[in-house]
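Reviewing the structure listed below.
The values are calculated or read from the model by the stated rules, or taken from the named source; none is laboratory data. Since the structure is predicted, the reported quantities are computational estimates derived from the model, not experimental observations. Cβ placement follows ideal geometry from the backbone for every residue including glycine, while neighbour counts extend to all protein chains displayed. Keep in mind that these areas ignore ligands, DNA and RNA; they rest on the heavy atoms of the full protein, side chains included. Shrake-Rupley method; radii C 1.70, N 1.55, O 1.52, S 1.80 Å.
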Amino acid sequence: MDTRPPSQSEHAPLLTASGLEVLYEPAGGPPVHAVRGVDISIGQGQLVGLVGESGCGKSTLGYALARLLRPPARIAAGTVVFDSTDITNLDRKSLRGIRHNGLAVVLQSGMNALNPVRRVRGHFHDVLGAQQRLHAAEVDNTAETLLSQVELAPSVLDRYPHELSGGMRQRVAIALALALKPRLVVFDEPTTALDVIVQRAIMDTIARLQAEVGFTALIISHDLGLVLGATDQVWVMYAGRIVERRDSPALATGPLHPYSAALLACQGDPTAEKVELGGIPGSPPDLSKPPEGCAFAPRCWLSGPPCKEEPHEKLVGTGSVTCHMAPTKLEVPKLIRRVDGPSEPIPDSGHGAKVPTTASAAVAKGRGRHRDATTAEPLALIDVTKDFKTKRAAPSEGVQAQGLVQAVAGVSLRLEAGQAMGLVGGSGSGKTTLGRMIVGLERPSSGSITLGNLRVDKLRTRDLPRYWRRVQMVFQDPYAGLNPLHSVGYTVGRAIRNHQGLKGDDYRRELLRLFDTVGLAPPEHYAAKLPHQLSGGQRQRVVIARALAAKPQVLVADEPVSMLDVSLRAEILHLLGELRKNTGASLLYITHDLLSARLVTDQLVVLRQGHIVESGPTSSVLRSPSHPYTVELIAAIPTVQQSQTVPAGAITERPGEPV
Amino acid sequence: MRYVLRRLPVLVITLWAAVTLNFLLPRLMPGTPAGAAVAKLAGQGSVSASQRRAIEVMLGVPHGSLASQYWQYLKAIAGGNFGISYTYFPEPVSKVIGAALPWTLALVGTVTVMAFVIGTLLGVLAAWKRGSIFDTAASVGCTFMAAFPYFWTALVLLYVFGFVAGWFPIRGGYSASVSPGWDWSFFVSALGHSVLPAFTILVSGLGGWVLGMRNNMMGVLGEDYIVFAEANGLSPRTVALRYAARNALLPGVTAFGMALGLVVGGSLLTEVVFGYPGIGYLLYNAVVNEDYPLMQALFLVITVSVLMANFVVDLIYGLLDPRVRR
Amino acid sequence: MRTTIFRVAATLWANRKARAGLSILFVFAAVAVLAPLLAPYSPTATNFARSAPASWSHPLGTTGSGQDALSQLLYGTRISLFVGFGAGLAATIVAMLVGVVAGYARGPIEVILGFATNLFLVIPGLPLMIVLAAYLPTRGVGTILVVVSVTGWAWGARVLRSQTATLAAREFVAAARLAGEGIWRIVWHEIVPNMVSLLAASFFGASTAAVLAEAGLEFLGLGNPSTISWGTMLFWAQNSNALLTGQWALLVAPGLCIALLASAMSLVNFGIDAIGNPRLRER
Ligand SMILES: Nc1ncnc2c1ncn2[C@@H]1O[C@H](COP(=O)(O)OP(=O)(O)O)[C@@H](O)[C@H]1O
Ligand code: SF4
Ligand SMILES: [Mg+2]
């Protein structure tokens, strides 16, 4: 893709948008200004990435460009021109013509993009039949060709969507989009929610198809690493605006906007000798009250007095950046670092004032209050298996067909007191089941789990609450993990009352201390909040505080960062590392994300289909993997070459002048 | 088909539970229905020992263990021996019911299916044109329509079209001038008599289906596969029918099964108002005359019919939804 | 729990349909309470001309036994509201107990309760009510209330059961267990408050069914014919062939009241639906 010449100059752009504004006007709520004045164009044959944290308006922009917005969303201003036709206000019928002429969309994750009661063949007949009058046999031929292009067998034609895996469904969706002979395809988060290895395979397929078929593509993703590796140009979106627009290699090596730089710093290579990770404190602004001045200012470590004014777009080479301070030498503060050997959370210094490490100070204050590390005991699993009966519910319940699935197949492992162990594997590898058995939420079908000399798998239900004073769990989904109706103070408080039996002032003090410990300061302020009033990262801190209320010796963390934006990953990992250091608790860290495993664990266990395929010290497993599955997992990570400095003088202040 | 086999045990257990409920009801109630029934029958004429026995098996006897009573009862049910009707003395209950059942099946069965089909189509239309005048009118109208008791609608229709306008006969299932049989004049007469009851059931039942289908459609229209189908340039008709309505129908079919009981109840009242010679009117007469053997058997027949209809609906659901098949 | 109820109530009031429904319900409630003040005569007084047509002194005419129909209509509101809300409440409580236990419990309890729910769901309600009412020695409002409650809980139980099962599988329930909460506390403080709108929906659904069932049973003569209610008014109107004598008001007025009450409850339920399903939300 490096050989492709810089785009715009060669061809007329295929798609342009100017002054695009999108409003959501929900019933009984304030209007949300999700896209605020976007000017972009995509040249023929280009592969463009659109990145940003969730809620920045990426999907909305993608839908607006494809004219798929529906009420309560509408294009409030601006124009969209596709192939020199203004499609901004095109009626439904003409729009169908445009779609048949090559404007295709692949939706977020694609899991639900297929009609559940229609076979794949039916989908192809609908799409191809609507487009051109073809005989059934011709449609079948075309469909088989399209399926083979996305590496699926013709037999898939006779399957229903529920008989296909998530990855296969996404491939079918791509094949259907290709049936339109598209000239532009908008991919909205094409791989989110898929297994890591499948994600990689789908991205490879997209890249190959693009090269073969030659369509132009817009790939929307929250994952900068994934986009950088797969595109020619990247647009970084923040709070409804494009803040940086650059060729991918240039962005990877020299981001100009602090937001892009910070997003880049949230990526890392888990196999490197030294791994560092940055984060972005806070969260994107509420677009129902668009901020004045630079929207990124509250989270920007460079913000200064000029930032009270809205920054203007400055052209840089073939791209642009919208920031007052560009070009400054951008050094992004890092939150957590790991070199071969012991873990090394970064102390507050340098840019510390802007970095959310209140947690470190608070943890230091609370130090020594926790149980001594010496009382901690090892956790041992011997030959643990778990079978699940698969239930298939009938329409109005009643009998079920039963099958047996072995989620965990003979796992033995030992977590020493105070140790941090990672449990990694793709989806369905049995990680979560194993974690739930360790905390006693599930019972093994066979084998034994012991903590010290306590047989966990033999515990009676009424003895479990006592066990939970020693072993606690941090749940995956901070949105489902908190009861939406209770204040977070109540939620954490219940755990304190139950596990520590505190009342009155002692209780109050402990509650505030815990909030402080997880970096929610001032604690009084946060304790009164309901979950929906907090951001995802803050909620996950509450979830951690609740687990800490029991003062556990063992903490099982099940994908604690997977539902959060990458920008929050470093903060939470940093917090977990600090807590472990200060409480002496051992940590079982369950994840599919090798980078975070590298950063917080000493030992690594790789799980595949319920079996352990490899284990050992984290850095040696990652840096010299021996099992092919581990190799595959590592290969699935998009790698980005990065360096955070910008060559001086690369920026021109005069708009419109080519460099 | 394995799906049918899988559903069969549920049907059998449910049927058994219904039969048992029917056995327990008269025995749990205060008083002795069997004694009362026998006493009434005695007033009609002589009651033979076997007739008396049949009633006791159905409604409870003062002697014998519950288990043996249950066994006798099951045997009687299997042989279709429900005892003697007091109202239609000396006809056996089974014969009385046998004469009424076809009327109800023809009327209620046909009209219920019609109401479901028409209501569902209107619901699809309302959702597809959401926010339009048609949608608003349909929603408001149906809410109100569904709120009228069946029997009241029946009375009003009877008054307006039967009594005032005189377009349709106001009572019975066929006119006195024809006799039941497979001939044309009887058919025409029966059809004329069924117009008002049918219209009542249709009008009262329609609203629920329209509203239900509209809501289901609104839910489905937000699904990813609808957006994707639209993005793929499918015609609005295809999207509306083959993608949206087809999926919105599934909860509708489940609801149809669950609402059958309600529809049957309403239809019974309609029959009473029109003096239609079906099961409902029969039940009414049985209750008014305290004809317990007839009443009890009718309850069993109605329940079993609804359960069977539900089973059929379940099977249809299996045909419509590939996810529960296999 | 209390705050949730207030929140649901406020959201309801913001919905146009629900607001219309609630307003109608308030009017009916006011009429029921103020019936003695509003009614021109005693509803049981029989000292008027029989079967009189509508006139200034008797806007709806008089019944076959010489009672003022308007006064009966106003007083009748009481019974309909009482049976409607009483049976609705009773059925909802049964539905909640059965639904929550069946949804949260495992093993035979779950299976048995689930089966009972499905059974009562498919057994046709009105015939069962008729049979029950026919056997019971006393006939009256109390009997009808009991009969309607006994037969009306299954739908709510089914909905609440599946919602409970869904909520019980959510992470916050597992988290509450790990936080040391006991089973009852989890049920009452974590699960049930998240079902307030469903409980309200079951309540209004069961109440609507109860109003219609009560009218039906009384119309069939299975109530106490000397009670003053809309159902018995219809019963007497039918028995005295009011239609054939041109006294259609005796029939139309109670019928309209029943329909208005039932639609008001349905309207409230549309509002509740919209809370749970934002796609149904209107401008
Ligand atoms: N249906 C909706 N109603 C109101 N606001 C919405 C709706 N959908 C999205 N938004 C808002 O629009 C903004 C952009 O959302 P989205 O385009 O989904 O962002 P992204 O794809 O970057 O995650 C967010 O603030 C979001 O809350
Ligand atoms: S304009 Fe100021 S606040 Fe905004 S990104 Fe640039 S430096 Fe930061
Ligand atoms: Mg998105």
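Could you list, in sequence order, all residues of the stretch A:270-286 that are within 16 Å of ligand 3 (Cβ to nearest atom) and modelled with pLDDT of 85 or more? Please lay out each step first, then the result.
Keep residues of the stretch A:270-286 that are within 16 Å of ligand 3 (Cβ to nearest atom), which gives A:283-284.
Hit for the stretch A:270-286 is A:284, nothing else.
Quick one: residue C:187 ticks every box in (1) more than 11 Å from every other protein chain (Cβ to nearest Cβ); (2) among the hydrophobic types (A, V, I, L, M, F, W, C); (3) crowded, with 22+ Cβ neighbours inside 10 Å bar one, so which box is it?
It fails just one condition, (3).
Looking at (1) under 30 Å from residue B:57 (Cα atoms); (2) of a type outside the set (A, V, I, L, M, F, W, C); (3) in a helix (DSSP H, G or I), which one does residue B:87 not meet, given that it meets all the others?
So the condition that residue B:87 fails would be (3).
Restricting attention to the stretch A:555-570, does a residue exist that is within 14 Å of chain C (Cβ to nearest Cβ), surrounded by fewer than 17 Cβ atoms within 10 Å (Cβ to Cβ) and assigned to a loop (DSSP other than H, G, I, E, B)? Lay out the reasoning, then the answer.
Initially, the stretch A:555-570 is screened for residues within 14 Å of chain C (Cβ to nearest Cβ), giving A:555-560, A:562-563.
With the extra rule that they be surrounded by fewer than 17 Cβ atoms within 10 Å (Cβ to Cβ), the set shrinks to A:562.
Filter once more, keeping what is assigned to a loop (DSSP other than H, G, I, E, B): A:562.
Taking every residue of the stretch A:555-570 in turn, at least one turns out to be within 14 Å of chain C (Cβ to nearest Cβ), surrounded by fewer than 17 Cβ atoms within 10 Å (Cβ to Cβ) and assigned to a loop (DSSP other than H, G, I, E, B).
Do we find that residue B:256 is among the aromatic types (Phe, Trp, Tyr), under 18 Å from residue B:55 (Cα atoms) and buried (at least 20 other Cβ atoms within 10 Å of the Cβ) in this structure?
Details: among the aromatic types (Phe, Trp, Tyr): yes; under 18 Å from residue B:55 (Cα atoms): no; buried (at least 20 other Cβ atoms within 10 Å of the Cβ): yes.
The answer is no for residue B:256.
Among helices (runs of 4 or more DSSP H) lying entirely in the stretch C:1-109, which contain 2 or more residues that are over 18 Å from the mean Cα position of the chain (by Cα) and over 30 Å from residue A:490 (Cα atoms)?
On the way: elements: C:2-14, C:16-38, C:69-104.
Result: C:16-38, C:69-104.
Check A:156, A:185 and return the single one that is away from ligand 3 (no atom under 16 Å from the Cβ), modelled with pLDDT of 90 or more and open to solvent by less than 50 Å² (accessible area, probe 1.4 Å).
On the way: A:156 fails: modelled with pLDDT of 90 or more.
So the residue among A:156, A:185 that is away from ligand 3 (no atom under 16 Å from the Cβ), modelled with pLDDT of 90 or more and open to solvent by less than 50 Å² (accessible area, probe 1.4 Å) is A:185.
Filter the stretch A:501-528 down to the residues that are within 14 Å of chain C (Cβ to nearest Cβ) and at pLDDT below 90, then identify the one that is most open to solvent (accessible area, probe 1.4 Å).
Ranking the qualifying residues of the stretch A:501-528, first place goes to A:528.
Looking at A:227, A:198, A:172, A:243 in this structure, which one is of a type in the set (A, V, I, L, M, F, W, C), at pLDDT 90 or above and away from ligand 2 (no atom under 16 Å from the Cβ)?
Among A:227, A:198, A:172, A:243, only A:172 is of a type in the set (A, V, I, L, M, F, W, C), at pLDDT 90 or above and away from ligand 2 (no atom under 16 Å from the Cβ).
Among the residues of the stretch A:454-485, which ones are without any contact (Cβ under 8 Å) to a residue 60 or more places away in the chain, of a type outside the set (A, V, I, L, M) and open to solvent by 30 Å² or more (accessible area, probe 1.4 Å)?
Across the stretch A:454-485, the qualifying residues are A:455, A:458, A:460, A:461, A:462, A:463, A:465, A:466, A:484.
Name the residue, out of A:312, A:351, that is modelled with pLDDT under 50 and more than 14 Å from chain B (Cβ to nearest Cβ).
On the way: A:312 fails: modelled with pLDDT under 50.
None of the others qualify; the one that does is A:351.
I'd like to verify a number: residues in the stretch C:119-145 that are aromatic (Phe, Trp, Tyr) and more than 7 Å from every other protein chain (Cβ to nearest Cβ), how many?
Here is the first cut: in the stretch C:119-145, the residues aromatic (Phe, Trp, Tyr) are C:120, C:135.
Checking the rest, the ones that are also more than 7 Å from every other protein chain (Cβ to nearest Cβ) come to C:120.
Qualifying residue count for the region: 1.
Mind listing just one residue for me: the one in the stretch A:211-262 that is of a type in the set (S, T, N, Q) and open to solvent by less than 10 Å² (accessible area, probe 1.4 Å) and, of those, nearest to ligand 1 (Cβ to nearest atom)? Give the derivation first.
Just the residues of the stretch A:211-262 that are of a type in the set (S, T, N, Q), to begin with: A:216, A:221, A:231, A:233, A:248, A:253, A:260.
Retained after the next criterion (residues that are open to solvent by less than 10 Å² (accessible area, probe 1.4 Å)): A:216, A:221, A:231, A:233, A:248, A:260.
Values: A:216: 20, A:221: 10, A:231: 17, A:233: 18, A:248: 19, A:260: 15 Å.
Among residues in the stretch A:211-262 that are of a type in the set (S, T, N, Q) and open to solvent by less than 10 Å² (accessible area, probe 1.4 Å), the one nearest to ligand 1 (Cβ to nearest atom) is A:221.
Any residue that is away from chain B (no Cβ under 14 Å) and under 20 Å from the mean Cα position of the chain (by Cα) - is there at least one of those in the stretch A:145-160?
Going residue by residue through the stretch A:145-160, those that are away from chain B (no Cβ under 14 Å) are A:145, A:147-157.
Applying the additional criterion that residues be under 20 Å from the mean Cα position of the chain (by Cα) yields none.
No, every residue in the stretch A:145-160 fails to be away from chain B (no Cβ under 14 Å) and under 20 Å from the mean Cα position of the chain (by Cα).
Restricting attention to the stretch A:193-243, which residues are hydroxyl-bearing (Ser, Thr, Tyr) and within 15 Å of ligand 3 (Cβ to nearest atom)?
First pass over the stretch A:193-243, keeping only residues hydroxyl-bearing (Ser, Thr, Tyr): A:205, A:216, A:221, A:231, A:238.
Answer for the stretch A:193-243, where residues must be hydroxyl-bearing (Ser, Thr, Tyr) and within 15 Å of ligand 3 (Cβ to nearest atom): A:221, A:238.
Go through the residues of the stretch A:40-47 one by one and say whether even a single one is touching a residue at least 60 places away in the same chain (Cβ under 8 Å), part of a strand (DSSP E or B) and within 16 Å of ligand 1 (Cβ to nearest atom).
Pass one, the stretch A:40-47, residues touching a residue at least 60 places away in the same chain (Cβ under 8 Å): A:40, A:42-47.
Now restrict to residues that are part of a strand (DSSP E or B): A:40, A:42-43, A:47.
Those still in the list that are within 16 Å of ligand 1 (Cβ to nearest atom) too: A:40.
Within the stretch A:40-47, one or more residues are touching a residue at least 60 places away in the same chain (Cβ under 8 Å), part of a strand (DSSP E or B) and within 16 Å of ligand 1 (Cβ to nearest atom).
Within the group B:117, B:140, which residue is free of Cβ contacts under 8 Å to residues at least 12 places away in the same chain, under 30 Å from residue B:236 (Cβ atoms), out of contact with any Lys or Arg (no Cβ under 7 Å at 6 or more places or on another chain) and within 14 Å of another protein chain (Cβ to nearest Cβ)? Explain how you work it out, then say what you get.
On the way: B:117 fails: within 14 Å of another protein chain (Cβ to nearest Cβ).
Result of the check over B:117, B:140: B:140.
For residue B:243, state whether it is under 30 Å from residue B:2 (Cα atoms) and modelled with pLDDT under 90.
Details: under 30 Å from residue B:2 (Cα atoms): yes; modelled with pLDDT under 90: no.
In short, no.
Are any of the residues in the stretch A:116-124 closer than 23 Å to residue A:216 by Cα, in contact with a helix residue (DSSP H, G or I) (Cβ under 8 Å, 6 or more places away or on another chain), touching a residue at least 24 places away in the same chain (Cβ under 8 Å) and away from ligand 2 (no atom under 16 Å from the Cβ)? If you could, list the steps in order and put the result at the bottom.
Filtering the stretch A:116-124 for residues closer than 23 Å to residue A:216 by Cα gives A:124.
Among the residues that remain, those that are also in contact with a helix residue (DSSP H, G or I) (Cβ under 8 Å, 6 or more places away or on another chain) are: A:124.
Next cut, touching a residue at least 24 places away in the same chain (Cβ under 8 Å) only: A:124.
From what's left, away from ligand 2 (no atom under 16 Å from the Cβ): A:124.
Within the stretch A:116-124, one or more residues are closer than 23 Å to residue A:216 by Cα, in contact with a helix residue (DSSP H, G or I) (Cβ under 8 Å, 6 or more places away or on another chain), touching a residue at least 24 places away in the same chain (Cβ under 8 Å) and away from ligand 2 (no atom under 16 Å from the Cβ).
Scan the stretch A:54-71 and report the pairs whose first residue is closer than 10 Å to residue A:35 by Cβ and within 9 Å of chain B (Cβ to nearest Cβ) and whose second residue is near ligand 1 (Cβ under 7 Å from one of its atoms) and of a type in the set (A, V, I, L, M), with Cβ atoms within less than 8 Å and a gap of 6+ or a chain change.
A:63/A:73
Condition first: at pLDDT 90 or above and either small (Gly, Ala, Ser) or closer than 25 Å to residue C:187 by Cβ (or both). Can you find one or more residues in the stretch A:559-572 that meet it?
No, the conditions are met nowhere in the stretch A:559-572.
Checking residue A:194 against (1) surrounded by fewer than 19 Cβ atoms within 10 Å (Cβ to Cβ); (2) assigned by TED's automatic domain parsing to the domain that holds residue A:82; (3) in contact with a helix residue (DSSP H, G or I) (Cβ under 7 Å, 6 or more places away or on another chain), which single condition isn't satisfied?
Evaluating residue A:194 over (1) surrounded by fewer than 19 Cβ atoms within 10 Å (Cβ to Cβ); (2) assigned by TED's automatic domain parsing to the domain that holds residue A:82; (3) in contact with a helix residue (DSSP H, G or I) (Cβ under 7 Å, 6 or more places away or on another chain) leaves (1) as the failure.
Quick check: is even one residue across the stretch A:172-187 within 16 Å of ligand 1 (Cβ to nearest atom), under 29 Å from residue A:227 (Cβ atoms) and part of a strand (DSSP E or B)? Steps first, please.
So in the stretch A:172-187, the residues within 16 Å of ligand 1 (Cβ to nearest atom) come out as A:186-187.
Imposing the further condition that a residue be under 29 Å from residue A:227 (Cβ atoms) reduces the set to A:186-187.
Retained after the next criterion (residues that are part of a strand (DSSP E or B)): A:186-187.
So far as the stretch A:172-187 goes, yes, one or more of its residues are within 16 Å of ligand 1 (Cβ to nearest atom), under 29 Å from residue A:227 (Cβ atoms) and part of a strand (DSSP E or B).
Go through A:294, A:307 for me and flag whichever is open to solvent by less than 30 Å² (accessible area, probe 1.4 Å) and touching a Pro at 6+ places or on another chain (Cβ under 6 Å). It would help to see each step written out before you state the result.
Details: A:307 fails: touching a Pro at 6+ places or on another chain (Cβ under 6 Å).
The conditions single out A:294.
As an exercise: evaluate residue A:79 against (1) over 19 Å from residue A:191 (Cβ atoms); (2) within 16 Å of ligand 3 (Cβ to nearest atom) and give the number of the one condition it does not meet.
Tallying (1) over 19 Å from residue A:191 (Cβ atoms); (2) within 16 Å of ligand 3 (Cβ to nearest atom), residue A:79 fails exactly one: (2).
Among the listed residues B:290, B:230, which satisfies the condition of being open to solvent by 10 Å² or more (accessible area, probe 1.4 Å), part of a helix (DSSP H, G or I) and of a type in the set (D, E, K, R)?
Values: B:290 fails: part of a helix (DSSP H, G or I).
Going through B:290, B:230 in turn, just one is open to solvent by 10 Å² or more (accessible area, probe 1.4 Å), part of a helix (DSSP H, G or I) and of a type in the set (D, E, K, R): B:230.
Residues that are assigned to a helix (DSSP H, G or I), of a type outside the set (A, V, I, L, M, F, W, C), surrounded by fewer than 18 Cβ atoms within 10 Å (Cβ to Cβ) and modelled with pLDDT of 80 or more: does the stretch B:32-50 have at least one?
Keep residues of the stretch B:32-50 that are assigned to a helix (DSSP H, G or I), which gives B:33-44, B:49-50.
Among the residues that remain, those that are also of a type outside the set (A, V, I, L, M, F, W, C) are: B:33, B:35, B:40, B:43-44, B:50.
Those left that are additionally surrounded by fewer than 18 Cβ atoms within 10 Å (Cβ to Cβ): B:35, B:43-44, B:50.
From what's left, modelled with pLDDT of 80 or more: none.
So far as the stretch B:32-50 goes, no, none of its residues is assigned to a helix (DSSP H, G or I), of a type outside the set (A, V, I, L, M, F, W, C), surrounded by fewer than 18 Cβ atoms within 10 Å (Cβ to Cβ) and modelled with pLDDT of 80 or more.
Please indicate, with yes or no, whether at least one residue in the stretch C:204-226 is open to solvent by 10 Å² or more (accessible area, probe 1.4 Å), away from chain B (no Cβ under 12 Å), under 30 Å from residue A:491 (Cα atoms) and at pLDDT 85 or above.
Looking through the stretch C:204-226, none of the residues is open to solvent by 10 Å² or more (accessible area, probe 1.4 Å), away from chain B (no Cβ under 12 Å), under 30 Å from residue A:491 (Cα atoms) and at pLDDT 85 or above.
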